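Data first, discussion second: the structure below is written as structure tokens.
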Amino acid sequence: MHIQQNISLKSYNTFGIDVKAKHFVSAKSLQDLQEVLSSSAYPNKFILGGGSNMLLTKDIDALVILIDLKGIEVVSQSREHVIVKAYAGENWHEFVLWCLKNNFGGIENLSLIPGNVGSAPIQNIGAYGVELKDVFVSCEAIDLKNRSIRTFNKADCEFDYRESIFKQKLKDTLIITSVTLKLTSSNHKLSTGYGAIANQLQEYNIAQPTIQDISKAVIAIRQSKLPDPKDIGNSGSFFKNPVISKTQFEVLKAQFPTIPSYEVSSTEIKVPAGWLIEQAGFKGKTLGNYGVHKDQALVLVNYGGATGQDILQLARLIQKTVFKIFNISIETEVNII
Ligand SMILES: Cc1cc2nc3c(=O)[nH]c(=O)nc-3n(C[C@H](O)[C@H](O)[C@H](O)COP(=O)(O)OP(=O)(O)OC[C@H]3O[C@@H](n4cnc5c(N)ncnc54)[C@H](O)[C@@H]3O)c2cc1C
């Protein structure tokens, strides 16, 4: 394994932020990981996947370990289900395409989410009515301290909306090395409840969609709505949609009658953060080489050359302004490093 020094991470994060890693290594196997973790030369480690859910605000004074473990295996298959294990360094979308090619269903709604398979459990990736937890069986991880191998089943992961134990209690203590999912191999259960998917399928004139059709629809919707990080640096949704009490919602509704909402439970309401940010006047706001995307108020963008600190300050200003107007705290979905 070749450990490099003072490497720019610009091409390793979708925001395109130019910070340096003091040391950098690409781990292609479990053996590589065991070797690098057993070395006492680099006490501080930082784990990097596809770099699509992080805002790098400073140089990383650690050994950055790029997770590059590859491989996809069918563990078992019955008439209706299949258990598939994918290694952490597989690109998520390519894994989705592999499943679709094999007619394995369950993650077609998660098409085109950037990043790696190993990061998918960390924030329980979700889109268009489906979350990773819906198909998740287990994941394997190496403990950064004692190098023991641990297996986490679904209950262990404490999945929630863009949350898991890996983003909370166990943050920065493990490297997820593989993820195992239970998918359908026949009688696929389609999730077409989102209006945008239904509209797209209608446009394609498809009344009885296959999982492949749903993936195609999701890809088309995402490509029309979200900026491609290859063109404009970004990390997808920068903020989570806040969940507030029904009582607070009623007060806001009286003041802002057009406020959109989704019921989460009998006592809680989810409000789209994008709407709050737009109302606060930030949609399309440009501050030199960074800002808020013109069509997506939830997406902060780097037009080229912005620093992580620039974008962090804008994020803080947005949070402060939204709180002042609506008395709602919006949390970041992106990991601030
Ligand atoms: C255009 C765009 C659209 C997006 N749309 C969505 C969406 O619809 N839904 C959604 O949920 N997300 C979305 N995201 C966010 C992002 O794609 C996901 O969160 C993805 O899972 C991040 O994967 P990654 O490999 O890039 O993680 P990274 O950004 O590399 O890492 C994220 C965090 O996990 C840690 N980490 C990475 N790999 C491992 C590992 N193997 N073991 C332990 N820790 C690790 C890192 O240290 C970091 O703290 C979007 C991002 C972009 C840029």
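Listed values for segment 277-284 are Karplus-derived 3J(HN,Hα) couplings in whole Hz (6.51 cos²θ - 1.76 cosθ + 1.60, θ = phi - 60°), namely 5, 5, 4, 6, x, 9, 4, x, and x replaces Gly and Pro.
Compactness of segment 72-225 was expressed as the Cα radius of gyration divided by 2.2 N^0.38 Å, which yields 1.06. Taking A254, A196, A217 as the candidate residues, the one with maximal mean-square fluctuation in a Gaussian network model of the chain, Cα springs under 10 Å, is A254. Annotation: amide H-H contacts under 5 Å for S178 (H modelled 1.01 Å from N, sequence separation of 5 or more, or interchain): A88, E140.
When a/c reaches 1.5 or more, the comparison of a/b and b/c decides; with that in mind, is segment 1-159 rounded, prolate or oblate per its Cα gyration tensor?
On the way: a/c = 2.12, a/b = 1.57, b/c = 1.35.
Cα axes put segment 1-159 in the prolate bin.
Per-peptide packing, taken as the mean over residues of other Cβ atoms within 10 Å, places 104-115, 176-187 in the sequence 104-115, 176-187 from highest down.
Using a Gaussian network for the chain with springs between C-alpha atoms less than 10 Å apart, which of these wobbles most: A297, A306, A41? Checking each option, the largest mean-square fluctuation is seen for A41.
When only Cα pairs below 8 angstrom with a gap of at least 6 residues are kept, the chain shows a relative contact order of 17 percent. The modelled label-to-label distance for the pair E263/I72, using points 7 Å beyond Cα in the direction of Cβ, is 3.9 nm. Element breakdown for the chain at a 1.4 angstrom probe: carbon and sulfur atoms account for 48% of the accessible area.
Ordered by 1.4 Å accessible area with all protein chains kept, I206, I325 run largest first as I325, I206.
Measuring between alpha carbons in the structure, the pairs from K22/K169; K101/K216; K58/K133; K45/K285; K133/K285 lying more than 24 angstrom apart are K22/K169; K58/K133; K45/K285; K133/K285.
For segment 231-277, the alpha-carbon radius of gyration amounts to 1.34 times the rule-of-thumb value 2.2 N^0.38 Å expected for a compact globular protein.
In terms of its C-alpha gyration tensor, segment 1-75 has an oblate overall shape, because the principal axis ratio a/c (a ≥ b ≥ c, square roots of the eigenvalues) is not below 1.5 and a/b does not outweigh b/c.
Reported value for the chain: 143 Å³ per residue, from the convex hull of its C-alpha atoms.
Here, segment 88-145 has an Rg and a Dmax of 11.6, 40 Å when only alpha carbons are counted.
Mean residue ellipticity at 222 nm, helices only, the chain: -7000 deg cm²/dmol; runs of at least 4 DSSP H residues each add -39,500 (n - 2.57), and the sum is divided by the number of residues.
Viscosity 1.306 mPa s, temperature 10 °C: give me the Stokes-Einstein translational D for segment 294-337 in µm²/s, with Rh taken as the Kirkwood radius over C-alpha pairs. In µm²/s, the coefficient rounds to 137. Dipole orientation for segment 190-337: of the candidates G304, N199, I269, G304 has the Cα lying most toward the positive pole (charges on Cβ; Lys, Arg +1; Asp, Glu -1).
Which helices count as membrane-span-like in the chain under these terms: full DSSP H, at least 15 Å along the axis by C-alpha, Kyte-Doolittle mean of 0.0 or more? Flagged H segments are 211-225, 308-326. The alpha carbons of segment 233-336 occupy a box of 45, 24, 21 Å along the principal axes, longest dimension given first. Computed on protein heavy atoms with a 1.4 Å probe, the accessible areas place T57, T192 in the order T192, T57, largest first. Electrostatic tally near S237: other residues with Cβ closer than 10 Å to its Cβ, Lys and Arg +1, Asp and Glu -1, net +1. Net charge dipole, segment 4-67: roughly 80 debye, given to the nearest 20, about the Cα centre with Cβ charges of +1 for Lys and Arg and -1 for Asp and Glu. In the elastic network of the chain, a GNM with C-alpha springs shorter than 10 Å, the most mobile of F323, F239, F282 is F323.
Taking only protein heavy atoms into account and a 1.4 Å probe, give the accessible area per residue of the chain in Å². Each step should come with its number before you reach the end.
Details: 16040 Å² over 337 residues.
Spelled out: the 1.4 Å probe surface of the chain, per residue, equals 48 Å².
What does the net charge come to around Y290 if you take all other residues with beta carbon closer than 14 Å to its beta carbon, with K and R at +1 and D and E at -1?
On the way: positive: K285, K294, R316; negative: D18, D310.
Summing Lys and Arg as +1 and Asp and Glu as -1 gives +1.
For segment 251-337, run through the trypsin sites (Lys or Arg not before Pro) and keep only the ones in DSSP coil with at most 15 other Cβ atoms within 10 Å of their Cβ.
Values: sites: K253, K270, K283, K285, K294, R316, K320, K324; in loops: K283, K285, K294.
The qualifying sites are K294.
The values are calculated or read from the model by the stated rules, or taken from the named source; none is laboratory data. Keep in mind the model is a prediction, meaning the values are calculated, not measured. Cβ: placed from backbone, ideal geometry, glycine included. Neighbour counts: every protein chain shown. Just the protein is used for accessible areas: all its heavy atoms, side chains included, with ligands, DNA and RNA removed. Shrake-Rupley method; radii C 1.70, N 1.55, O 1.52, S 1.80 Å.
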